[in-house]
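For reference, the structure discussed in these notes is given below.
The values are calculated or read from the model by the stated rules, or taken from the named source; none is laboratory data. Keep in mind that this is a model prediction, so the values were computed, not measured. When we count neighbours, we look across all protein chains shown, and the Cβ atoms used for this are built from the backbone with ideal geometry, even at glycine. Surface accessibility is based on the protein's heavy atoms, side chains included, excluding ligands, DNA and RNA. Shrake-Rupley method; radii C 1.70, N 1.55, O 1.52, S 1.80 Å.
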Amino acid sequence: MMNSGISSNSMSSSSAPGNNSSNNAQSPGLKTYFKTPEGRYKLQYEKTHPAGLLHYAHGKTVTQGGAVDQWRSVPLHNPSPKNKKKEVTLAHLKDKPAHAQPQSSSSFGVTSGVRSAAARFLGGNGSKTLSFVGGNGGGKSISGLSGRVGSFGVSSSSSSVGNSNFDGKGTYLVFNVGDAIFISDLNSRDKDPIKSIHFSNSNPVCHAFDPDAKEGHDLLIGLNSGDVYSVSLRQQLQDVGKKLIGAQHYNKDGVVNNSRCTSIAWVPNSDGAFVVAHADGNFYVYDKSKDGSADPSFPIIKDQTQFSVSHARYSKNPIARWHICQGSINSIAISNDGAYIATVGRDGYLRVFDYKNEQLICGGKSYYGALLCCAWSMDGKYILTGGEDDLVQVWSMEERKVVAWGEGHNSWVSGVAFDSYWSAPNSDATDENVVYRFGSVGQDTQLLLWDLEMDEIVVPMRRPPGGSPTFSTGSQSSHWDNACPVGTLQPAPSMRDIPKISPLVTHRVHTEPLSGLTFTHESVLTVCREGHIKIWMRPGFGESQSSNSDSLLSSSLKEKTSLSGKTLSSNYKQ
């Protein structure tokens with residue numbers, strides 16, 4: 001599909017600032033900064049995985065994480081049929097007294113040694129950090145695994161060796177490449193991860209982190225085989241081994257569903273509920289307070305084209321199965337209050353559900369092809385989607401339909417996210433004209449930033465009989481006559497009926513196709529499908545402030561309850 005053209009930056013560049021210039025060396029044609037109306041975003045440093053593992057990344061997943069007091073995850077996609085999914089998550093571990101730690105082994109005590117490096121990576125909308133997170137901490141430790149994840153072997157906690165350099169707090173970037181999960185320190189200049197966890201026979205493909213987990217497991221991991229694990233991230237960092245420890249195992253050997261996990265997320269305000277989506281069009285609801293043993297007794301789905309919900313007959317996991325669509329669910333996103341679940345799939349439809357009432361609220365089809373990613377605004381009023389039509393769609397929960405199309409990518413859109421930390425200059429809390437900043441990345445290697453102000457959008461007019469579309473005369477297009485009825489899936493809209501918006505910034509950030517992005521208080525993080533992460537510092541943030549990032553991120557997430565501001569000039573060119 002052809003897109004409106006704001007050209008990408010392709011000028012030569014110098015290496016970004018850093019302790020190790022080789023870590024930040026840029027490929028020819030890539031700039032180490034990009035401009036916005038509020039100032040320059042500068043490439044501060046990069047994160048990656050051991051170079052020897054690069055060739056294993058092809059056809060497999062890359063996942064990263066880092067977040068503060070909230071969860072998020074970013075779905076990553078590669079058009080290659082061998083490449084399943086890539087995802088990124090941010091995980092912030094708060095201070096915790098030593099006596100609160102699970103003492104399954106004497107080697108697991110939290111030391112007062114040097115603080116382990118904190119790492120953040122890109123994240124999407126309301127998903128959470130890693131893929132390996134287990135039950136509520138009350139589950140049994142697994143001494144070994146058999147079947148399709150055999151050598152993934154979860155080590156017995158009694159045989160683990162403690163890491164004296166970990167003091168139980170920090171912000172971490174968690175990602176997966178090939179058959180391994182890597183954990184990096186976001187604030188450290190060291191590009192290499194501080195921890196790796198290896199699997200065999202199946203690869204980790206999605207993950208999520210729950211920063212509000214009071215005790216026990218806070219990290220979820222979904223595998224290609226359909227198996228799901230929950231673990232304590234803190235416990236993994238305390239151990240120096242390369243195998244998962246203290247894990248709770250769900251859907252073991254695919255007993256309930258043997259199709260690939262595609263997306264995973266904690267449900268906010270639910271005391272341990274989480275959702276796992278699969279490639280066969282189903283997602284399952286789990287409760288980490290219940291036993292990990294599976295209940296495979298769900299009824300046969302009679303009509304694959306119809307939405308349906310079935311509940312487990314016994315008090316086991318999973319507690320419910322939601323059949324969403326024919327074909328794969330490519331991504332799920334849950335609103336910050338836990339009230340709504342959005343799904344996008346291979347069939348090209350966005351679907352939004354009321355989680356508590358198990359009801360379809362609204363949705364609709366892409367202009368063309370599959371949808372690959374989705375994200376909620378912090379206030380739950382808007383949803384972003386991206387996919388194979390090269391468009392970024394903006395959906396309104398109030399109108400229950402598409403209200404804007406973002407044109408600017410030249411290939412599939414693989415990641416979208418709202419920037420909840422940004423506010424327009426001169427904005428105040430009483431300003432009713434809210435402006436949203438969001439970002440998108442795609443297979444075209446570009447990062448695009450957008451500003452959305454609904455009051456400034458020009459609504460297309462109804463097309464006169466026999467005439468051409470006009471934006472100056474006549475009544476509004478019929479697409480805008482009324483809000484769509486609850487429970488209705490809309491067909492693909494006409495191109496002339498939807499307002500178009502253009503990107504504020506277009507910047508080529510990697511040489512390889514991109515798979516995701518996330519926003520933090522200090523930076524924007526981008527990741528390519530090869531698993532290389534770049535941290536772009538916001539204007540006004542630099543090296544002197546890196547030591548304060550944890551406190552800044554934590555306070556910002558607590559205070560950021562709404563977005564406000566005035567519109568900025570669109571089509572800002574560098």
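From the list 524, 505, which residue is surrounded by 19 or more Cβ atoms within 10 Å (Cβ to Cβ), modelled with pLDDT of 90 or more, under 21 Å from the mean Cα position of the chain (by Cα) and aliphatic (A, V, I, L, M)? Steps first, please.
Numbers: 505 fails: under 21 Å from the mean Cα position of the chain (by Cα).
Being surrounded by 19 or more Cβ atoms within 10 Å (Cβ to Cβ), modelled with pLDDT of 90 or more, under 21 Å from the mean Cα position of the chain (by Cα) and aliphatic (A, V, I, L, M) holds for just one of 524, 505, which is 524.
Which members of segment 339-362 meet the condition of being open to solvent by 20 Å² or more (accessible area, probe 1.4 Å) and part of a strand (DSSP E or B)?
Within segment 339-362, 340, 349, 351, 354, 359, 360, 361 qualify.
Looking only at residues that are open to solvent by 10 Å² or more (accessible area, probe 1.4 Å) and of a type in the set (D, E, K, R) in segment 391-405, which one is farthest from residue 334 (Cα to Cα)?
Across segment 391-405, the extreme among qualifying residues is 399.
Collect the residues in segment 358-390 that are within 15 Å of the chain's Cα centre (by Cα) and either of a type in the set (Lys, Arg) or under 15 Å from residue 341 (Cα atoms) (or both), keeping them in residue-number order.
Selection gives 373, 374, 375, 376, 377, 378, 383, 384, 385.
Any idea which of (1) under 24 Å from residue 215 (Cβ atoms); (2) in contact (Cβ under 8 Å) with a residue 40 or more places away in the chain; (3) more than 24 Å from the chain's Cα centre (by Cα) is the one residue 296 doesn't satisfy?
Condition not satisfied by residue 296: (1).
Which residues, counting only those in segment 367-382, are open to solvent by less than 10 Å² (accessible area, probe 1.4 Å) and either in contact with a helix residue (DSSP H, G or I) (Cβ under 8 Å, 6 or more places away or on another chain) or over 17 Å from residue 422 (Cα atoms) (or both)?
Of all residues in segment 367-382, those open to solvent by less than 10 Å² (accessible area, probe 1.4 Å) come to 370-375, 377.
Hits for segment 367-382 are 370, 371, 372, 373, 374.
Counting only residues that are part of a loop (DSSP other than H, G, I, E, B), touching a strand residue (DSSP E or B) at 6+ places or on another chain (Cβ under 8 Å) and among the aliphatic types (A, V, I, L, M), how many does segment 295-332 have?
Step one: of segment 295-332, the residues part of a loop (DSSP other than H, G, I, E, B) are 295-307, 312-316, 318-319, 324-328.
Filter again for touching a strand residue (DSSP E or B) at 6+ places or on another chain (Cβ under 8 Å), leaving 295, 298-299, 301, 304, 306-307, 312, 316, 318-319, 324-325, 327-328.
Keeping just the survivors that are among the aliphatic types (A, V, I, L, M) gives 301, 312, 319, 324.
Total meeting the criteria: 4.
Run down 312, 320, 333 and say which single residue is of a type outside the set (Lys, Arg), farther than 27 Å from residue 483 by Cβ and buried (at least 20 other Cβ atoms within 10 Å of the Cβ).
312
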